[in-house]
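The values are calculated or read from the model by the stated rules, or taken from the named source; none is laboratory data. Small disclaimer: the values here were computed from a predicted structure and weren't measured. Methodologically, a virtual Cβ is constructed for each residue, glycine included, from the backbone with ideal geometry; neighbour enumeration extends over all protein chains shown. Just the protein is used for accessible areas: all its heavy atoms, side chains included, with ligands, DNA and RNA removed. Shrake-Rupley method; radii C 1.70, N 1.55, O 1.52, S 1.80 Å.
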Amino acid sequence: MTRDDARRTMPRHPRYARLTAAALIALALGAFVPPAQAQDYPNRPITLLVPLAAGGAMDIIVRSLAPRLSERLGKSVVVENRVGAGTVLAANDVAHGTPDGYTLLIAPSGTLTTNVALYQKLSYDPEKDFVPIALYCQVPFVLVSDPSLPFKNIPELIAYAKANPGKLSFGSTGTGAVPHLAGEMLKSMAGIDMVHIPYKGGPPALNDVMGGHIQLFFADTAITPPLLTAGKIRALGVSSKNRVGVLPDVPPIADQGLPGFEAVSWHLVVAQSGTSAQIVNRLHDEFKTVFKSPEIRQQMIGMGLIPIDTPSVEELRSFVKAEIIRWGKIVQQVGIAGTE
């Protein structure tokens, strides 16, 4: 008998056998044993990355919820604006960060949907690299213009653009973002020619409309009412199918000769894929509670946003998958697929 044969025939110590079996069971059931970091989560500050410039609807709402979320979690919640590359910069940082629940992304719809078709090589996969936490609102936009221009509504804008092809420019919050696609949809449906100018957020683009550097912009409804009252901009139409509460006198673009026009964004909180299910569920519950608070809901309504009672995490996975397909078709239709 060889030494190896002897080893194979020697009985193992009962205690060793029990330990091995216990180890195998623990390994098999690992998903049900919360890691230490999940049990004491959170034990340090949490960062919410906003991929758009300060001052827009997303930034305002997130900064309002941060102290309420901090109170519920027992740790500081920090809001950081990390802009660039059409929101890809912030998304990439979260997608390839540590999956521990301490850095979350507040993602506009384009970050998780249109970018898939827009970019030839996207540095993250919205379905594989993120886990959805909470969907909290829909975001309609209002098409505003320099008030010194001669058109006051969509039919007049179309007539002016056709008489002056290529002379109008429209801003956006980045290539492939909903304000950009809304402008492209307007061009396509109306048969007009306009030049797209991307910005790193809404406020800079809006400033350039007021300064006469660009002529048009699909702006957040949150920040336009006082500017409209002051006569610094003019509202031509909203991008939703229905009128928006804070702009009751502004008709939908769809009701002004372009039936079927609709371009509405949404905001979704996501974490890195691989984040503990216990942490994901805790964050989902806490965000859901905070977003349902009367103060936050009323603030969203007052800004022209449409509050949403977030679906479950699994329902959100299906939602994102369906939205990638829907917006991908729009990117293809307007001819910008693979242009980035």
Give, in nm to one decimal, the length gained when the segment between residue 301 and residue 334 is fully stretched (0.36 nm per residue of separation minus the Cα-Cα distance). 8.8 nm
On average, how much accessible surface per residue is there in the chain, in Å², for a 1.4 Å probe, leaving out ligands, DNA and RNA? 46 Å²
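What share of the DSSP beta bridges in region 121-223 is antiparallel, in percent to the nearest 5?
Rounded to the nearest five, the antiparallel share is 40 percent.
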Rounded to whole Å, give me the distance from the Cα center of region 282-296 to that of region 306-340. 23 Å
19 Å reach of a label modelled at residue 162, 7 Å along Cα-to-Cβ, counting backbone N of region 180-204: 184-195
Between (1) 19.6; (2) 16.9; (3) 22.0, the structure-derived mean projected area of the Cα convex hull in nm² is (3)
Could you tell me the calculated FRET efficiency between residue 241 and residue 75, based on Cβ-Cβ distance and R0 = 45 angstrom, to the nearest 0.05? 0.65
Residue 321: which lysines have alpha carbons under 16 Å from its alpha carbon, excluding same-chain residues fewer than 8 sequence positions away? 128, 329
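Say a site is exposed when it is one of the trypsin sites (Lys or Arg not before Pro), sits in a DSSP loop, and has at most 12 other Cβ atoms within 10 Å; what is then the longest site-free stretch of the chain?
So the longest stretch without any such site is 168-340.
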Any chance you could run the full-extension gain for residue 121 through residue 96? It's 0.36 nm times the residue separation minus the Cα-Cα distance, nm to one decimal. 7.5 nm
Per the helix-only model, the chain has a calculated mean residue ellipticity at 222 nm (DSSP H runs of ≥4, -39500 (n - 2.57) each, divided over all residues, rounded to the nearest 500) of -12500 deg cm²/dmol
Going highest first, how would you order 44-50, 330-336 by mean Cβ packing within 10 Å? 44-50, 330-336
Could you tell me what percent of the accessible area of region 281-337 is made up of carbon and sulfur, with a 1.4 Å probe and every protein chain present? 54 percent
Bridge type composition, the chain - antiparallel percent by DSSP, nearest 5: 60 percent
Separation of region 43-69 and region 128-191 by C-alpha centroid, Å? 26 Å
For the charge dipole of the chain, defined by +1 on Lys and Arg C-beta atoms and -1 on Asp and Glu C-beta atoms about the Cα centroid, which residue among 332, 111, 181 has the Cα displaced farthest towards the positive pole? 111
Report the paramagnetic label zone for residue 44: residues of region 76-93 whose backbone N is under 11 Å from a point 7 Å from Cα along the Cα-to-Cβ axis. none
Assign unit charges at the C-beta atoms only (+1 for Lys and Arg, -1 for Asp and Glu), then state the dipole size of region 256-313 relative to its Cα centre in Debye, rounded to the nearest 20. 80 debye
